[in-house]
Amino acid sequence: MSVAEFLHSQLCSVARQSPCLAKKIHGQIIKAGLNQHEPIPNTLLDAYGKCGLVEDAIQLFDALPRRNPVAWASLLTACNLANRPRRALSISRSLLAAGFHPDHFVFASLVKACSNLGCLHVKQGKQVHVRFFLSPFSDDDVVKSSLVDMYAKFGLPDYGRAVFDSISSLNSISWTAMISGYARSGRKLEAFQLFRQTPYRNLFAWTALISGLVQSGNGFEALNMFVEMRYDGVSVTDPLVLSSVVGACANLALWELGSILIALIKAR
């Protein structure tokens with residue numbers, strides 16, 4: 001194994017969990033003169049991102065002689081993991097202004113950043129959607145699923161449904177996002193209908209439906225669905241669904257039932 005291959009393998013494994021080790025390996029890469037040896041720069045970007053070293057990742061990206069969509073996507077992922085969506089979008093605005101063209105990985109990260117910003121940034125999300133629609137990657141189902149999730153979080157289920165209906169191969173993520181979009185917006189009949197139609201009636205779909213109903217003030221319906229979920233034999237392993245139902249009990253002053261659910265949480 002060559003030095004380059006060894007350092008690359010180290011970046012791909014332990015360095016992604018240890019900031020100190022990532023920086024140490026970066027120093028070794030520079031000493032060995034391999035800092036421009038592909039695919040080490042992109043892998044180092046990814047490692048820094050997973051370690052939470054966003055500023056180091058940005059400095060590395062700025063020093064790259066050839067910035068490609070892979071490096072761009074890695075940097076955006078680093079920003080999203082560190083919950084810095086504004087930084088992700090500001091970096092991307094500069095790159096777009098400089099004539100860089102995003103690929104489907106970059107689009108997925110941009111949509112994620114817009115989703116993390118919340119409903120006050122609908123305009124930015126729509127702008128990314130338009131750019132994606134006009135790009136050569138407009139048929140990418142992964143990006144479309146991310147858009148469905150974004151519009152669900154924006155409280156715009158009709159926009160999400162338009163994207164949902166255009167997805168050629170619907171998966172659990174897209175179904176769950178659309179169910180959540182309807183439930184969170186208080187459109188419980190459409191949420192129920194879609195939930196009955198999905199081939200993925202797993203814990204994720206149940207959680208999306210129940211937590212969305214609670215968020216939109218439909219506590220009784222959320223409790224009914226929780227009971228149905230338990231009758232279906234679905235194991236409650238997601239704390240979100242339990243906390244949502246406990247919250248519904250509190251809102252409805254069903255203290256006794258809430259106490260039972262809290263006991264269920266503690267018994268897990």
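Some points to look at:
- Members of region 191-238 found to be of a type in the set (Val, Ile, Thr), more than 24 Å from Asp165 (Cα to Cα) and outside any helix (DSSP H, G or I), listed by number: Val234, Val236, Thr237
- Only one of the listed residues (Lys266, Lys188) is over 30 Å from Asp141 (Cβ atoms) and either modelled with pLDDT of 80 or more or basic (Lys, Arg) (or both). That residue is Lys266.
- Residues that are touching a Pro at 6+ places or on another chain (Cβ under 8 Å) and over 21 Å from Ala78 (Cβ atoms), drawn from region 107-131: Arg131
- Residue check for Ile167: touching a Ser or Thr at 6+ places or on another chain (Cβ under 7 Å) and either closer than 30 Å to Phe220 by Cβ or modelled with pLDDT under 95 (or both): no
- Within region 88-128, if we keep just the residues that are touching a Leu at 6+ places or on another chain (Cβ under 9 Å) and closer than 15 Å to Ile58 by Cα, the residue that is modelled with the lowest pLDDT turns out to be Ile91.
- Lone qualifier among Asp141, Asp158, Asp149 - being of a type in the set (D, E, K, R) and farther than 18 Å from Cys119 by Cβ: Asp141
- Check on Pro157, over 16 Å from the mean Cα position of the chain (by Cα) and surrounded by 20 or more Cβ atoms within 10 Å (Cβ to Cβ): yes
- For region 170-185, residues that are under 18 Å from Asp141 (Cβ atoms) and either in contact with a Ser or Thr (Cβ under 6 Å, 6 or more places away or on another chain) or among the charged types (D, E, K, R) (or both) total 3.
- Against the numbered list (1) under 24 Å from Ala82 (Cα atoms); (2) of a type outside the set (Ser, Thr, Tyr); (3) touching a Gly at 6+ places or on another chain (Cβ under 7 Å), Gly181 comes up short only at (1).
- Of Ser168, Ser138, all but one fail to be outside any helix (DSSP H, G or I) and over 28 Å from Arg201 (Cβ atoms); the exception is Ser138.
- Residue among Leu95, Leu134 that alone is surrounded by 17 or more Cβ atoms within 10 Å (Cβ to Cβ) and more than 12 Å from the chain's Cα centre (by Cα): Leu95
- Of the criteria (1) more than 20 Å from His104 (Cα to Cα); (2) in contact with a helix residue (DSSP H, G or I) (Cβ under 6 Å, 6 or more places away or on another chain), which one Asp158 fails: (2)
The values are calculated or read from the model by the stated rules, or taken from the named source; none is laboratory data. Bear in mind that the values here come from a model prediction, so they are computed numbers and not experimental data. Neighbour counts are summed over all protein chains in view; Cβ atoms, including those assigned to glycine, are modelled from backbone coordinates with ideal geometry.
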